[in-house]
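The values are calculated or read from the model by the stated rules, or taken from the named source; none is laboratory data. Treat the numbers as computed from the prediction; the structure is a model and nothing was measured. FYI the Cβ positions are ideal-geometry reconstructions off the backbone, even for glycines, and counts take in every protein chain you see.
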Amino acid sequence: MQNQLRKLLAPTGLTAIIAQITLPKSDVEKKFSAQGLIGKIISEFLPVVLGIAGFITVIVIIISGIQFITSGGNPEAAAAARGRLTFAVIGFVIIILAFAILQIVDKIFLGNSGVV
């Protein structure tokens, strides 16, 4: 972009002024580093949240399985338990994928070991 600007302003003599202009350094590197706010959230807060969510999901899966077994031939109770079980399994898969994405972000963007 700076080269295009030089070509446009070359006839006016402003290329020397443009060569002296430098853009200020961005704070984005600080925010996305392991010491920045986003790095701390990813490194410390999200694994705890994912662990709690995984634990709750396993409990819901167990409760739904027990309700499905004890439905006693009642099709409405069996369907409700099956629906809860399906949503709990989908939630568990989403939690696993979130943890995998967290590891990828930690490894690639923050440069850590990948294991939070």
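So here's what we get for this one:
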{"read-out": "Criterion: within 29 Å of the chain's Cα centre (by Cα) and in contact (Cβ under 8 Å) with a residue 60 or more places away in the chain - qualifying residue of Gly91, Gly111, Gly83", "value": "Gly111"}
{"read-out": "Qualifying residue in the range 43-66 (condition: in a helix (DSSP H, G or I), of a type in the set (Phe, Trp, Tyr) and modelled with pLDDT of 90 or more)", "value": "yes"}
{"read-out": "Answer from Thr70, Thr22 - the residue that is modelled with pLDDT of 90 or more and farther than 15 Å from Val105 by Cα", "value": "Thr70"}
